[in-house]
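> Below is one structure. I have some questions about it.
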Amino acid sequence: MMAPRWRTWLDQPQNVPFRRALYLIHLWVGIATGLYILVISLSGSAVVFRRELTRWLLPPDGSFDAGYPLTLRIVEWLVDLHNNLLAGSVGRDINGVFAILLMVMVLTGAVIWWPGRRRWSRSVIVVRPSRTRRFFWHLHSAAGLWGFVLLFGWAITGIYFAFPEPFEWFFNTFDDDPTGFQRPGEGILLLLIDWHFGRFGGLGIRVLWVILGLLPAILFCTGFAVWWKRIQTTGKFAGNRERQRG
């Protein structure tokens, strides 16, 4: 008798067709959005200290006799790149579309991560390169798992910044008390927005957010490495098979 699908999923998810379909979606969406992910990840990390730099570099009296500091001009350029892709409202809409694709990758990646009951514990750690030939796969899987909440928060707030109307509709629809200070679900979104920018804690959180902001770039690079290695392996296998036929 064939094992029930749920049991196959628990023990051997690699044999579930639905998982393979999600893997292909995750793979090709990741490849298609790779350059965007690199730009957003690097620019986001670069502007974490925007407020502090503004306070440190602007003259106390607010005068600009020496001109606007070059460092702040670069930071503001990076902010515009991160928020609007240097293209105004059109860039903000494009950001929203890519944020939706990022959400697709986050959710499909969470499903793909599950390796089965016997192997799940090995997928939460990064194995040393000397102990495995799948180092990039372990790094990609573990980083994606531990960064799931952050990645989800960045994706959902990115969607909100570009397309706030559906969120406002949701908050208003489920708001039974129009005179209340906060609408249902709004507090969670505001918390995620603070998380998006690292607007809590002190200097330590800012430094941590600079590092964590590189997580999407790391995931893209490791995912690309896994894909490229698989392409090379497939090519070698096909070449050997052709030589055997010859």
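> Among 86, 145, which is under 30 Å from residue 53 (Cβ atoms) and touching a helix residue (DSSP H, G or I) at 6+ places or on another chain (Cβ under 6 Å)?
86
> Residue by residue through segment 122-131, note down the ones that are part of a loop (DSSP other than H, G, I, E, B) and either of a type in the set (Phe, Trp, Tyr) or farther than 15 Å from residue 112 by Cα (or both).
125, 126, 127, 128
> Quick check: is even one residue across segment 50-60 exposed (fewer than 13 other Cβ atoms within 10 Å of the Cβ), assigned to a helix (DSSP H, G or I), modelled with pLDDT under 90 and of a type in the set (Asp, Glu)?
Yes, segment 50-60 has at least one match.
Every residue, every condition in (1) modelled with pLDDT under 90; (2) among the polar types (S, T, N, Q), yes or no:
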| residue | (1), (2) |
| --- | --- |
| 97 | no, no |
| 118 | yes, no |
| 121 | yes, yes |
| 128 | yes, no |
| 132 | yes, yes |
| 144 | no, no |
| 151 | no, no |
| 156 | no, no |
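> Out of segment 2-45, which residues are charged (D, E, K, R) and at pLDDT 80 or above?
19, 20
> For residue 7, indicate whether it is without any contact (Cβ under 8 Å) to a residue 60 or more places away in the chain and over 29 Å from residue 82 (Cβ atoms).
The answer is yes for residue 7.
> Separate question: List the pairs whose first member sits in segment 98-123 and is basic (Lys, Arg), whose second member is surrounded by fewer than 17 Cβ atoms within 10 Å (Cβ to Cβ) and in a helix (DSSP H, G or I), and whose Cβ atoms are under 9 Å apart, counting only residues at least 6 apart or on separate chains?
117/10; 117/11; 118/11
> When only residues in segment 61-76 that are surrounded by 14 or more Cβ atoms within 10 Å (Cβ to Cβ) and either hydroxyl-bearing (Ser, Thr, Tyr) or part of a helix (DSSP H, G or I) (or both) count, which is modelled with the lowest pLDDT?
Of everything passing the filter in segment 61-76, 72 is modelled with the lowest pLDDT.
> Which of the following residues is touching a helix residue (DSSP H, G or I) at 6+ places or on another chain (Cβ under 6 Å) and more than 20 Å from residue 164 (Cα to Cα): 91, 96, 34?
34
> Under 8 Å between Cβ atoms, which residue pairs at least 6 apart in sequence (or on different chains) link something in segment 148-171 that is within 15 Å of residue 188 (Cβ to Cβ) with a partner that is among the basic types (Lys, Arg)?
Taking only residues 6 or more apart or on different chains, the pairs are 171/183.
Residues are listed down the side, and each one gets a yes or a no for (1) surrounded by 15 or more Cβ atoms within 10 Å (Cβ to Cβ); (2) of a type in the set (A, V, I, L, M); (3) outside any helix (DSSP H, G or I):
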{"residue": "104", "(1), (2), (3)": "yes, yes, no"}
{"residue": "116", "(1), (2), (3)": "yes, no, yes"}
{"residue": "133", "(1), (2), (3)": "no, no, yes"}
{"residue": "140", "(1), (2), (3)": "yes, no, no"}
{"residue": "153", "(1), (2), (3)": "yes, no, no"}
{"residue": "156", "(1), (2), (3)": "yes, yes, no"}
{"residue": "176", "(1), (2), (3)": "no, no, yes"}
{"residue": "184", "(1), (2), (3)": "yes, no, yes"}
{"residue": "188", "(1), (2), (3)": "no, yes, no"}
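> Kindly indicate the residue of segment 4-49 that is of a type in the set (S, T, N, Q) and in a helix (DSSP H, G or I) and also farthest from the chain's Cα centre (by Cα) among those meeting that condition.
Among those that are of a type in the set (S, T, N, Q) and in a helix (DSSP H, G or I), it is 8.
The values are calculated or read from the model by the stated rules, or taken from the named source; none is laboratory data. All values reported here derive from a predicted model rather than from experimental measurement. So basically every Cβ, Gly included, is an ideal-geometry build from the backbone, and we count neighbours across all protein chains shown.
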